[in-house]
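Any read-out appearing in this document is the output of simple, stated calculations on the displayed coordinates, not a laboratory observation. Given the structure is predicted, the values throughout are model-derived calculations rather than measurements. Every residue, glycine among them, receives a Cβ derived from its backbone with ideal geometry; neighbour counts consider all protein chains shown.
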Amino acid sequence: MTIRPYGTWPSPIAASDVASAGVRYGLCRYDGEALYWSELRPDSGPGAAPRSVIVACDTAGAIDDVLPPPFSARSRVHEYGGGEFAVHDGRVVFVNDADQDLYVIEPGAAPRQLTQSPGWRFADMTFAPDGTRILAVAERHEAGHAHQLPQNTIVSVELFTDAVREPDLVLAGRDFYASPRFSPNGSQLAWLAWDLPHMPWEAAELWVADIGEDGGIKTPRHIAGGGGAGAFQPEWSPRGELYFIADHDGWGNLHIADADGVRPLLVSDAEFGRPLWQFGMTSYAVLGNGRIAASSWRGGRLEVGLLEVETGNWSPLDTDLVRLDSISGSTGGFAIVGGTDTKPPGVLRFASDGAVVDQLSGGQSRLAAGDISVARALRFETDTGPLHGLFYPPANANIQGPDGQCPPLVVSAHGGPTAMARRGLDLERQYWTTRGFAFLDVDYRGSFGYGRAYVRALDGAWGVLDAADVVTAARAVAEQGLADAAAMVITGSSAGGLTVLNALASSDVFAAGASAYGVADLASLASDTHKFEAGYLFALMGVDGDDGDAWAKVFGERSPLTHASRIASPVIFLQGLDDAVVPPSQSEVMAASLRERGVPVAYLEFAGEGHGFRKTETVIAALEATHGFFARILGLAPADDLPPVKIDNFS
């Protein structure tokens, strides 16, 4: 075993490996016993964009692409998209990325355009039981009105018509809609709706209505959700019972609405819901044997199990899954898009009793066991409650650090902020640990997976509590001898970028920081951001959006830009120029403020990138620049031949 200083180890993982690590998976959906899923595949060369492909595994086990090039299935509703395809009797309807119109693929045929609607975007499609039409969430942007909020509706599109036309309106009047779902006999429709300034996990209401002979909505009835806790994922059973997830004593539990009323199917101190950042998110699947396959988070740990609907008996499955991105069920079993600590995400198929049948796609790692750093769940006690994190020690099959020395630490603040740290094998994280860095993912207060009280702890405290939490966690790890207190850096994207910058402004714990498309000026963001998050900041800041003086004062106090004079540690900024969620001006103004004061700053911008980097060359450039930046600031001599990074005010 070779001895080498921490942070300088040769690694089996290059930045190009991270960028082309394999596909990223979206939805998985059963159609009878055939399974469909979407794969975001790495781009094929410089300047090319990744393509989201729909794949099918038929009842004989044959796997083939359904979506031919150049089509790419991607929705841009709410900017975050999701819900990019639906399938019924072998017929696939999808949103095409290039024009955001709807197309249908008949078995054995080429894609046929259904809509030609400039300014419209679609997502979250569902088929009528007879297969003659679909419903979809629609978002209409008026041409020439860039600062006008788009209109969100539920619309209907006929499938068997030669005309390409605009869709028919079904539901309107609410700020947001999601999850339209027909009952099995087509007589009822369930959907979610909510309004600004709220987010879906705070206020999504579940509604059900009858469908008239003309296809219109009649006698809508509120079932659950709203008032501080949103409903999630309505699904119908084959017998016409409505399942969904709603709050029960601070936890998102499975519920049923039937002739006997509304009641929980299972009462548990576990979180079965998800924050609805993207359409089509699922945490459970209805099976054909009176069971539900479901996933929950208990103390930040994933648990997958089977629920007997009649008895309420919950049976956890013996699985090593630590990440679940999508789940779908059939009469014969269920499928999961998920990953483990040692295997990247893939598509796994299970029998109805929970036994693993096969791995249909992904889930393969070329890393040696000794090169994989596995998370250790850490709990930190603070004066105001517990704090959680995932610690990854350095790991390299051929190298170890000198005795008596501690590794440098990369602390990660996840985005959202109503989200959670990524679980499972992730090559970007392993890029650091195989080079002799320790890595700490912090689930600061406000993170999902620990109950509603933990999520709501950040209300009125964003920009303060999250920053304090990453500082607390980093210090605790150093005090435990797991990291070098003098060589700790912090990184975060989007909302995590605000956490990074405020942590640098409020403490001297971190030697450097990296902010990717991060928030710097809250008042500016409130006026520039997209509709979906237009009211999100006010709850996080604990202010009334109608009280301009109050929120302007608080936004100023919490903005990193206001406290730029307190930041002395070097910062690298990474920004996509097409970002509509956190506009480039956020990074530009923060970098300029630090640069003018003599703080070492690197600034990289990427054309053609939005909120989150997708192109191979961008992922490589951003990761290598961050690595080179941290290495120079920490005085490390990387084994990699990294491109030079221009750092202003640093020699």
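Here is how the numbers come out for the structure above:
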| read-out | value |
| --- | --- |
| Likely footprinting exposure, ARG435, ARG165, ARG558, fewest C-beta neighbours within 10 Å first | ARG165, ARG558, ARG435 |
| Distance between the stretch 34-102 and the stretch 589-638 - C-alpha centres, whole angstrom | 32 |
| Crossing angle, helix 465-479 versus the chain [Cα axis fit, 0-90 degrees, rounded to tens] | 50 |
| Share of pairwise Cα separations in the stretch 244-319, more than 15 Å, in percent | 55 |
| Convex hull volume per residue for the stretch 359-516, taking Cα atoms only, in Å³ | 121 |
| Cα Rg over Rh - the stretch 1-92, Kirkwood | 1.16 |
| Two-decimal Rg/Rh across the stretch 301-413, once Rg and the Kirkwood Rh are taken from alpha-carbon atoms | 1.08 |
| Helix 584-596 axis, angle to the chain major axis (alpha carbon atoms, nearest 10°) | 10 |
| For the stretch 388-396, 3J(HN,Hα) per residue [Karplus equation, 6.51 cos²θ - 1.76 cosθ + 1.60, θ = phi - 60°, Hz, x = Gly/Pro] | 10, x, 10, 10, 10, x, x, 8, 8 |
| Cα pair distances of the chain binned at 10 Å [whole percent] | 3, 16, 26, 28, 18, 7, 1, 0 |
| Charge dipole (debye, nearest 20) of the chain; +1 at Cβ of Lys and Arg, -1 at Cβ of Asp and Glu | 1140 |
| Fewest-first sequence of PHE334, PHE71, PHE380 by Cβ atoms within 10 Å of each Cβ | PHE380, PHE71, PHE334 |
| Local net charge near PRO70, Cβ-Cβ under 15 Å (Lys/Arg +1, Asp/Glu -1) | -2 |
| C-alpha center-to-center spacing [the stretch 385-412, the stretch 289-355] in angstrom | 31 |
| Mean Cβ neighbour count within 10 Å, used as a protection proxy, ranking 366-373, 533-540 highest first | 533-540, 366-373 |
| By average C-beta atoms within 10 angstrom, highest first, the peptides 94-101, 298-305, 61-68, 35-42 | 35-42, 94-101, 298-305, 61-68 |
| Fraction of beta bridges assigned by DSSP in the stretch 367-634 that are antiparallel (%, nearest 5) | 35 |
| Share of alpha-carbon pairs per 5 Å distance bin for the stretch 367-634, given as whole % | 1, 6, 13, 18, 20, 18, 13, 7, 3, 1, 0, 0 |
| Distance from the stretch 235-268 to the stretch 415-475 (C-alpha centre basis), Å | 30 |
| By average C-beta atoms within 10 angstrom, highest first, the peptides 594-607, 128-141 | 128-141, 594-607 |
| Residue exposure sequence - HIS388, HIS530 - by fewest surrounding Cβ within 10 Å | HIS530, HIS388 |
| Degrees between helix 548-558 axis and first principal axis of the chain (Cα, 0 to 90, nearest 10) | 50 |
| Dipole axis of the chain (+1 Lys, Arg; -1 Asp, Glu on Cβ), positive-most option in ALA516, GLY32, LEU440 | LEU440 |
| Sequence-separation-based contact order of the chain, relative, with Cα cut under 8 Å and 6+ spacing, percent | 11 |
| Placed amide H near THR340: partners under 5 Å, 5+ positions off or other chain | VAL322, LEU425 |
| Filter on LYS553/LYS615; LYS615/LYS646; LYS531/LYS646; LYS531/LYS615; LYS343/LYS531 - keep pairs with C-alpha separation over 32 Å | LYS553/LYS615; LYS531/LYS646; LYS343/LYS531 |
